[in-house]
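K.L.:
Before we start, here is the structure in question, set down as structure tokens.
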Amino acid sequence: MEKPRVRFAPSPTGALHIGGVRTALYNYLLAKRFNGTFILRIEDTDQTRYVPGAEKYIIDSLEWLGLSIDEGPGQGGEYGPYRQSERKALYGKYAQQLIDNGHAYYAFDTPDELDKRREEEKEKGKHSFKYDAGMRMSMRNSLSLPAAEVEQLLSSEAPYAIRLKIPTDEVVLINDIVRGEVRFQSNELDDKIILKGDGMPTYHLANIVDDHLMKISHVIRGEEWLPSTAHHILLYRALGWEETMPVFAHLPLILKPNGKGKLSKRDGDKLGIPVFPLSWEGATEEESFKGFREFGFLPQAALNFLAFLGWNPGTEQEMFSLTELCEAFSLEKIGKAGARFDIDKAKWFNQQYIIAQNNATLAEMVRPMIAAKGFSPNTAFLQTFCGMMKERVTLLPDFWTAGYYFFSNELEYDAKTVRKKWKPENKAFFAEIKQLLASLDPFEAANIKTTIVGHMEANELGFGDVLPIVRVAVSGTVKGPDIFEIMELLGREEIQVRLAKGFATFDEMKAPSA
Ligand code: GLU
């Protein structure tokens, strides 16, 4: 394949939904697969929907995922500027060209007139008003009005929009890489506005002009844009650019976890799952949400998960680094069917990536979280902690929730175990254990174990009588990594404190029912 030039073309209207991120990823993968160029183009022609901060959010999201941009607002490039609002002057001449060659016309209908007409049509039982071939001659435009009136309107600077004149009785054929041949009947299409009264192009015109000028080879975007593609093909044709028209690939929908309908922000709120890459800075409380990053997903896991939302390598392999994805990716392996958003799969990926990290890297990821809780362990401690816990966590915050006792000795004791296992008659035995450990040197897992097990056997007690109690005294819970290793890491002094406090508390806990 020739080096592809692909673009991710978001509109800065808010946070980037996970579907948008997947679009960015697939574009990036195709570009990198064939040594091409990944372009970020900001489609901000609709000033009414512009949200400050959205562009930065998009860029931050791509950066977090490691999807580096080759050309874009920040990077520059030969085909810039890459913000459509900064290209405004460019589009008018193409709209004019379309008027001149009869593929577009001036429409003078005011918003009020359009509303009125919509109402009238509704009264006649026609609920979907379309400004189309059937309707245009009864509207106020340069096709329906006498030439002199059109001249007069234009010279009096009456407001107008420019509309694309859709040809009648044509079949528009889209050869989509994902969906195959898709046909649209031109009579079904409306005469879309391509240039608005304020001189700004609409999405349709700007998108086509820029794809052409930026020499885009492949348009990879969500399925919701498929119907617009018919208009786009007609625009390419009308502008005489059919020969260099990009190839289209429309990505399948991302479905709710239960497979019923499209995944929405509401699903994220309702189910407590991330549907955005990052949280949105400056959002009101109502708008705020947590993204993959805040949930504690590693970017590698989020990427791997996203890659599989609609694409499949055709082999058993599931774990793919970004580099491996770039090597394995192909548009032909994208499926048509909607892809179910299975958050458990995302968590599974995350778990695998956490396990695969080395302890030093993990320690630095976990450090801010531990610091936020008020603890500042040394690096060696933190690394050992990460090594001991990494097989037991799924998301980064689990390091704290499942392993807080490595830092804090304000423990929440597992009452059930205490009730079942703490026997006042063994009190003396546990006091002896504490005593033996007080002078143990070196204080290491192997001899801590020998000491405890030796004393246990000498007193004819079983593992079940002793270890759960020691564990709960040290960590509050019976779950966790090897208890002797935990004890070594916490150190002799701390263990003395914990055993003393634990055994005393167990006695109290047991007291009411004793
Ligand atoms: N600006 C459109 C969007 O927000 C771009 C669609 C396309 O890729 O053509 O998704």
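The values are calculated or read from the model by the stated rules, or taken from the named source; none is laboratory data. Remember, it's a predicted structure, so these values are computed and weren't measured experimentally. Reconstructed Cβ throughout: ideal geometry from the backbone, glycine too, with neighbour counts over all protein chains shown. Ligands, DNA and RNA are stripped out before the accessible areas are found, and what is left, the full protein with its side chains, is counted by its heavy atoms. Shrake-Rupley method; radii C 1.70, N 1.55, O 1.52, S 1.80 Å.
K.L.:
Pick out the one residue from P277, P201 that is under 30 Å from F295 (Cβ atoms) and crowded, with 22+ Cβ neighbours inside 10 Å. It would help to see each step written out before you state the result.
P.N.:
Working: P201 fails: under 30 Å from F295 (Cβ atoms).
From the options P277, P201, the qualifying one is P277.
K.L.:
May I pose another question? Kindly indicate whether any position in region 430-448 is open to solvent by 50 Å² or more (accessible area, probe 1.4 Å), closer than 28 Å to F385 by Cα and of a type in the set (V, I, T).
P.N.:
no
K.L.:
For the list (1) modelled with pLDDT under 95; (2) at negative phi, I need the number of the one condition that H204 fails.
P.N.:
The single condition H204 does not satisfy is (1).
K.L.:
Mind telling me which of the residues F295, F305, F276, F289 ends up being touching a His at 6+ places or on another chain (Cβ under 8 Å), farther than 25 Å from P167 by Cβ and touching a residue at least 40 places away in the same chain (Cβ under 8 Å)? Give the derivation first.
P.N.:
Values: F295 fails: touching a His at 6+ places or on another chain (Cβ under 8 Å); F305 fails: touching a His at 6+ places or on another chain (Cβ under 8 Å); F289 fails: touching a His at 6+ places or on another chain (Cβ under 8 Å).
Within the list F295, F305, F276, F289, the selection yields F276.
K.L.:
Of the residues that sit in region 199-214 and are in contact with a helix residue (DSSP H, G or I) (Cβ under 8 Å, 6 or more places away or on another chain) and more than 10 Å from the ligand (Cβ to nearest atom), which one is nearest to T48 (Cα to Cα)?
P.N.:
M200
K.L.:
With surrounded by 15 or more Cβ atoms within 10 Å (Cβ to Cβ), at pLDDT 95 or above and under 28 Å from F289 (Cβ atoms) as the only criterion, which of L234, L251 stands out?
P.N.:
Details: L234 fails: under 28 Å from F289 (Cβ atoms).
None of the other options fit; the residue is L251.
K.L.:
When you go through A133, A161, A230, A148 one by one, which is the residue that is within 16 Å of the ligand (Cβ to nearest atom) and small (G, A, S)? Break it down into steps so the answer makes sense when it comes.
P.N.:
Working: A133 fails: within 16 Å of the ligand (Cβ to nearest atom); A161 fails: within 16 Å of the ligand (Cβ to nearest atom); A148 fails: within 16 Å of the ligand (Cβ to nearest atom).
That would be A230, the only listed residue that is within 16 Å of the ligand (Cβ to nearest atom) and small (G, A, S).
K.L.:
Here is a further query. Would it be correct to say that V219 is surrounded by 19 or more Cβ atoms within 10 Å (Cβ to Cβ) and at negative phi?
P.N.:
Working: surrounded by 19 or more Cβ atoms within 10 Å (Cβ to Cβ): yes; at negative phi: yes.
Judged against the criteria, V219 is a match.
K.L.:
Something else: Identify the single condition in (1) open to solvent by 10 Å² or more (accessible area, probe 1.4 Å); (2) away from the ligand (no atom under 14 Å from the Cβ); (3) modelled with pLDDT of 95 or more that I194 does not satisfy, given that it satisfies every other one.
P.N.:
(1)
K.L.:
Could you grab the pairs with beta carbons closer than 8 Å, sequence gap of 6+ or different chains, first residue in region 22-47 and at positive phi, second one away from the ligand (no atom under 14 Å from the Cβ)?
P.N.:
Qualifying pairs under 8 Å: N35/K3.
K.L.:
Then there's this: Could you check, for region 262-282, whether at least one of its residues is closer than 19 Å to K347 by Cα, among the aliphatic types (A, V, I, L, M) and in contact with a strand residue (DSSP E or B) (Cβ under 7 Å, 6 or more places away or on another chain)?
P.N.:
There is at least one residue in region 262-282 that is closer than 19 Å to K347 by Cα, among the aliphatic types (A, V, I, L, M) and in contact with a strand residue (DSSP E or B) (Cβ under 7 Å, 6 or more places away or on another chain).
Every residue, every condition in (1) among the aromatic types (F, W, Y); (2) out of contact with any Phe, Trp or Tyr (no Cβ under 7 Å at 6 or more places or on another chain); (3) surrounded by 18 or more Cβ atoms within 10 Å (Cβ to Cβ), yes or no:
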{"residue": "L362", "(1), (2), (3)": "no, yes, yes"}
{"residue": "R367", "(1), (2), (3)": "no, yes, no"}
{"residue": "I370", "(1), (2), (3)": "no, no, yes"}
{"residue": "L382", "(1), (2), (3)": "no, yes, yes"}
{"residue": "M388", "(1), (2), (3)": "no, yes, yes"}
{"residue": "L395", "(1), (2), (3)": "no, no, yes"}
{"residue": "G403", "(1), (2), (3)": "no, no, yes"}
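K.L.:
Considering each residue of region 242-257, count those that are touching an Asp or Glu at 6+ places or on another chain (Cβ under 9 Å) and either more than 11 Å from the ligand (Cβ to nearest atom) or of a type in the set (G, A, S) (or both), and give that number.
P.N.:
The first filter runs over region 242-257 and keeps only residues touching an Asp or Glu at 6+ places or on another chain (Cβ under 9 Å), leaving 245-253, 256-257.
The next check asks that each one be either more than 11 Å from the ligand (Cβ to nearest atom) or of a type in the set (G, A, S) (or both); those that pass are 245, 247, 249, 252-253, 256-257.
Selection size over region 242-257: 7.
K.L.:
Hey, K56 hits all of (1) of a type outside the set (G, A, S); (2) in a helix (DSSP H, G or I); (3) crowded, with 19+ Cβ neighbours inside 10 Å but one; which does it fall short on?
P.N.:
Checking K56 against (1) of a type outside the set (G, A, S); (2) in a helix (DSSP H, G or I); (3) crowded, with 19+ Cβ neighbours inside 10 Å, the one that fails is (3).
K.L.:
Any chance region 159-170 includes a residue that's within 32 Å of the chain's Cα centre (by Cα) and open to solvent by 60 Å² or more (accessible area, probe 1.4 Å)? Don't jump to the end; show me each part of the working.
P.N.:
From region 159-170, those within 32 Å of the chain's Cα centre (by Cα) are none; that's our starting set.
There is no residue in region 159-170 that is within 32 Å of the chain's Cα centre (by Cα) and open to solvent by 60 Å² or more (accessible area, probe 1.4 Å).
K.L.:
Do you know which residues across region 1-42 are away from the ligand (no atom under 15 Å from the Cβ) and assigned to a helix (DSSP H, G or I)?
P.N.:
Of region 1-42, the ones away from the ligand (no atom under 15 Å from the Cβ) are 1-3, 29, 32-37.
If the condition is that a residue be away from the ligand (no atom under 15 Å from the Cβ) and assigned to a helix (DSSP H, G or I), then L29, K32, R33 are the ones that fit.
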